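The next block holds one structure in the form of structure tokens; read it before the comments.
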Amino acid sequence: MTMRTVLAVAFFLLTSLLVTSAQAKEAAPLSDDPVVEARMMAISEELRCLVCQNETLAASRAELADDLRKEVRRLIREQKTDQEIKDYLVSRYGDFVLYRPPVKPTTWLLWFGPFVLLAFGVAALVVFLRRRGQLTAALPLSSEDKKRAEALLKEKDPK
Amino acid sequence: MMRFLIPLGLFLVLVGFLAVGLNRDPHEVPSPLVGKPAPAFQLQQLATTDKAFGPQDMQGKVWLLNVWSSWCVSCRAEHPLLVAFSQQGGLPIVGLNYKEVRGDGEIDVDVKKLTPSDELKLVRQRAAAWLAQHGNPYSLSVLDIDGRVGIDYGVYGVPETYLIDKHGVIRFKQIGPITEEALQDKILPLAKTLESQS
């Protein structure tokens, strides 16, 4: 092995080690009850951490995420349903905490916009194909064109 | 002609979307609490040990609730503005001291080992020292030691400031430090209209 490959392998091992230890840390259960913990994780997978916005509440290691997970645990122990817990967070932080935004007038564009665009695309394609079909089918040869064609054919025909 | 106009039109629409989208700050999440009553709380005050404070004590006044902490770097940035504003006697500002000890990532004490009374003592000491050093714009400050009240107010990044009307309804939320523009263009005009209402 060259020095380079040795270094590459060492680097790979080191990074994978770091990654696994990071993952092991974020899943550390803080509740004694595995059922509560499982539900908490399931709920917080669906919620966004407000500090590091592209992470779920379950994965984030931000201070606030930790506090919010504590709140979710508390609410689970108070026998709240998943929906009630999500509503609790939405009432404080807004729809933004939900990874699946609710369907309501302000999010119609978000949910149905792509389908509207698709419908436009299909309609444009249909119109385009029809027009092209009509153009190619409905263009008769004028008598002059016919004469030219015949003249050209004759030219090529060696007698 | 149409051949060129349609792609050009689509391109301009795309540019328009990007221009709006890229100029937005994704860290400013609009608060669902604007237009809703300020969540109730009862917290102990920084200055006195024997008196609690809640938003209901400010009934009939237009006031600001400013979330701050001594470990919060942006708070230091907005603080001179708050101090100057309070000296002009504009609006009463109540400080919500947010997780003074627990929120400090660089604290050299093991927070988990602190007893509640020791933690409270440390919170008071740190908060008071910071205000003594940087000036105190607050008519009073309350202590949100574990950040529970912060959660009720949807706090996710300190500093945050709420403008609350005479009936205890949140009218405006500033996320991040208050700037001179935000104060002059948004908070003060809105506060003026709110004060003229009964």
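Since every read-out is calculated from the coordinates, none of them should be taken as a lab result. Bear in mind that the values here come from a model prediction, so they are computed numbers and not experimental data. For neighbour counting, all protein chains shown are included, and Cβ atoms are generated from backbone atoms with ideal geometry for every residue, glycine included.
Compute the semi-axes of the equivalent ellipsoid of the protein assembly as shown, taking the square root of 5 times each eigenvalue of the Cα gyration tensor, and list them largest first in whole Å.
Values: eigenvalues 691, 194, 91 Å².
Taking √(5λ) for each eigenvalue gives 59, 31, 21 Å, largest first.
Among all stretches of chain B without exposed trypsin sites (Lys or Arg not before Pro) (DSSP loop, at most 11 other Cβ atoms within 10 Å), which one is longest?
The reported range is B:52-198.
Could you calculate the FRET efficiency of residue A:51 with residue B:10 from 1/(1 + (r/R0)^6), where r is the beta carbon distance between them and R0 is 45 Å, rounded to 0.05? Write down the numbers at each step before the final one.
Working: r = 37 Å, r/R0 = 0.81.
According to the calculation, E is roughly 0.80.
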Exercise for review: Compute the distance in nm between two label points, each set 7 Å from the Cα along the Cα-to-Cβ direction, one at residue A:145 and one at residue A:63.
Suggested key: 7.9 nm
Study note, to complete from the structure: Taking only Cα atoms of segment B:66-184, the Rg to Rh ratio with Kirkwood Rh works out at 0.97
Exercise for review: Take the alpha carbon gyration tensor of segment B:131-186, find the square roots of its eigenvalues, order them as a ≥ b ≥ c, and report rounded if a/c is under 1.5; if not, report prolate when a/b exceeds b/c, else oblate.
Suggested key: rounded
Check your understanding: Based on the Kirkwood radius over alpha-carbon pairs, what value in µm²/s does the Stokes-Einstein equation return for the translational diffusion coefficient of segment B:29-86 at 20 °C and 1.002 mPa s?
Key -> 153 µm²/s
**Study point:** Where labels lie 7 Å past Cα in the beta-carbon direction, separation of residue A:131 and residue B:81 in nm
**Key:** 5.4 nm
Practice item. Please compute the Cα-Cα pair-distance distribution of segment B:1-103 with 10 Å bins starting at 0, giving whole percents from short to long. Key: 11, 26, 29, 12, 10, 9, 4, 1
Check your understanding: Rg and Dmax of segment A:108-156, using alpha carbons, in Å: what are they?
Key -> 21.4, 66
**Study point:** segment B:1-31 versus segment B:96-165: alpha-carbon centroid distance in Å
**Key:** 42 Å
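Give me the number: length gained by fully extending residue B:192 to residue B:47, i.e. 0.36 nm times residue separation minus the C-alpha to C-alpha distance, one decimal in nm. Don't jump to the answer; show the numbers that get you there.
Working: separation 145, 0.36 × 145 = 52.20 nm, distance 2.92 nm.
Contour length minus Cα-Cα distance gives 49.3 nm.
Not counting the cut sites, what is the longest span of chain B without GluC sites (Glu not before Pro) that DSSP labels loop and that have at most 12 other Cβ atoms within 10 Å? If you can, show how the numbers build up before the last one.
Values: sites that count: B:28, B:106.
Excluding the exposed sites themselves, the longest stretch runs over B:107-198.
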